[in-house]
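Contents: one structure, followed by commentary.
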Amino acid sequence: MSQAQQRAEAAEARRRKVRKGTHSCWECRRRKIRCQFGPGDDSVCLPCQTRGSPCRSQEYVDESRPQQQPDRRMAQRLGRLEELMSRLVDRILPDSLNSSTQSPSSALPARPRASSPTPSHDTVTDDDGGAAYRQTLDVLEASVGDETPVGLLLSLRNRGGGQCPNTTGTQQPAAMLTPESDCTTEAAPCKRTPPPTSRHDKACQALYAMFPSQRDVTSLATCSGAPYFVVSLFTSFRSIIQGNMERVDDICVIPPKTSHPTVLAKRLLQCAIFMQQAPPHFDVQQLDMIKSLSQHMMDIVAVVSQHATCNDEVVGTAEGLECLILLGLWHAGAGNLRKAWLSYRRAMSLGQLMGIDRGSSRALQFVDTARPVNKRPTPEALWYRIINLDRAVSLLLGLPVGTSDNSFATEEAMRGDTQMERLEKLQTVIGARIIERNADKTSQAYSMTQSIDYDLDKAAKTMDDDWWNEPQLDPAYGPQINLGQMMHMMLQVHHFDLQILLHLPYMLRNPSENRYDYSKATCARASREVLKRYVSFRTLYSSAWACRHVDYSALVAAMTLLLSYLRQHQDPSQPTPSCGQRADDRKLIEVVCERMQHVSLVSHDKLSQESAEILMRMMPILDSIDQSMMGFTTELTANAVKCLHLNVPFLGTVNIQPTGVIPLCDGTTQPAAAAAGVAGHHQQQQQQQQRSPMAAAAGEMSQSNNIPGTTGLSSTGDMSLDLSSLDPTLMQSSDAAIHGMFMEFDTQPQDGMLEFPLTAEADDWILQGVDTTYWSLLNSM
């Protein structure tokens, strides 16, 4: 074979497979010009002929391309990187592995310890070597992800050690990489928790310093059912059955100081809820804490608010979202409804920024890598819990809902839910509709009320009749069993709350209008059911901060039951109220007041104390009914039935007083309307009392002879409700007699009536505006 044939075969062997339509030669391709051939069978293109350069098709290897010379600077950088990686491996691998298996890199000189910065006094370590190692890795891990090559190299210690716990009994310097070296769950492998960046060190130090001892945390977690409530807050019943929820033992472990600030803050808030729901008989002497439980948890909330929930740089994580919800729950339990509402709204806004309202989880970043993936809350669970809590507080405060999203209550979304979970979601939807109805100023409000009542009754019928029996709480049961019964009872209470708030605007309408009889009967019946469950619950649980919502429900229900007796026998066509039912209601309210006083005494609770005072001073409403039914009024009973004045913040004064013709001091008479105006003027002079806004005015029901022109009682002894000194911006009409109740609106400014801000806590503003919402709703339709 000739040399020409050999070269042709070699060239054919080096032939490349090119893309269809490729016709340019290598030289034209490099110059980015069009490769054109002349007429005929020329093998050299015209540009190459002009330049005199070789014309080689791209089907063959370009042998004319000069080989690139190695970059000397790149080689030096790679060499330095290899040396750095070798030193890093020496520091990461445990000493036991280094002694048994000598690597070539062990011969390299180690970085002198003096080159590391001096560890600070707040560095968490067991020896000086660990401190220097920790500070070296802080710089690396601040900009290294878990899945990058260097990040994978940083996890060599876990793979090389073979197991998570340190079996040697002494902590190796490399253990500082994995703060939670002990496996908390069998199913989840040990994962390295990335330490916070240097700008978060101060926040981590402040948060970590607030933790009680590990023994105290365990003691607090076992004294009540709060841990079971916390772990089930973002978990469905189906997930609980499948075991996809955190264990109580897991949330009792104090995270390491190197955790993300939101991880530390979340565990602190869980501890604060443990303290909040501790029973009054809990022995605090067994704890190592110097401060009281109340002071310690308030300090925790203050530090968490400063360094986590109000810190925009750290709160934008899934754990930060949980922190905002837990903070709102703590404030709600403490009676700070307005701060709870603000916390829920902040959580809602953050969730919308993350996109969880649209079903997206891309921005929902979990920074607690020690938490197994299957035990993390889903975006749907977080979003629903935010909506549920926001609407519950908004309904009490008379505020609009944060979002109208009801996607959680569709059949598809509730496909795997239990009956109780479905009922809770339906109640959440109905609560938003009641808020919408309350804001409606048109004549369609009553039609909306009827529609909502139908849906509420339909939701109630999804449960069996036996389910609506009052749950039995037994102290002999464990916290898990009682927690289920408590959730059962709270769902029932919330259902009756919705009934009361739905029909409250129509309860005191003119008795001659029969279409409102259903609303009156519903309010009275639902109020009795709430009060019965309140007595059962507070008999077993006297901790004021446990299920605080039931205290507001009891106050609203008791006031509604008492007011339901106003003017109900004014119309002769109406049936006479049953003496037996009235006696039972009186006894029930007296038992409720006794429970409130007991809770106030053992828990030092101002809300229970004020609620009991208000109810005791509203009891003369029943006295007036008794006297009217007996048909006579003596001087003794006349002095017993006094005028009741309730000073409502941001609203005005509510006067409950005898109706009809009221005798004057000189023996003449004047209508009750004039007396109401005098009573309102007298109440304005009493605005500067130092007691709480509502109980102070209700504390002393003025004697008739103390109010000019209001001596004595009418022959009927009937009681009416008069709203005088009302803020006109909150009411719907001017001076008028509406629904048989005289209402006089005082247009004078009420500056200086309040001595607390809008976001005041329960110590300064006990009822937080629940009373304002109640009286506004009672007379708004």
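What to note about this one:
- Trypsin sites (Lys or Arg not before Pro) within the range 332-381, DSSP loop, no more than 13 other Cβ atoms inside 10 Å: ARG362
- Spin-label model distance (nm) - MET420 vs LYS587, 7 Å beyond Cα toward Cβ: 3.1
- Ratio of the Cα radius of gyration of the range 397-521 to 2.2 N^0.38 Å, where N counts its residues: 1.21
- The label point for GLU380 and the one for GLU412, both projected 7 Å from the Cα toward the Cβ, are 1.0 nm apart.
- Applying a DSSP loop filter and a limit of 10 other Cβ atoms within 10 Å to the GluC sites (Glu not before Pro) in the range 408-482 leaves GLU411, GLU412.
- Local net charge near ASN482, Cβ-Cβ under 15 Å (Lys/Arg +1, Asp/Glu -1): 0
- Amide hydrogen neighbours beyond the local backbone of ASN647, cut-off 5 Å, H modeled: VAL654, ALA697, ALA698
- Ranking of SER443, SER553, SER259, SER213 by count of other Cβ atoms within 10 Å, fewest first: SER443, SER213, SER553, SER259
- Of LYS425/LYS458; LYS266/LYS375; LYS425/LYS461; LYS202/LYS257; LYS257/LYS339; LYS202/LYS375, those spanning more than 19 Å from alpha-carbon to alpha-carbon: LYS257/LYS339; LYS202/LYS375
The numbers here are math on the coordinates, done by the rules we state, and not lab data. Computed from a predicted structure; not experimentally measured. Glycine gets a Cβ as well: all are built from the backbone with ideal geometry, and neighbour counts include every protein chain shown.
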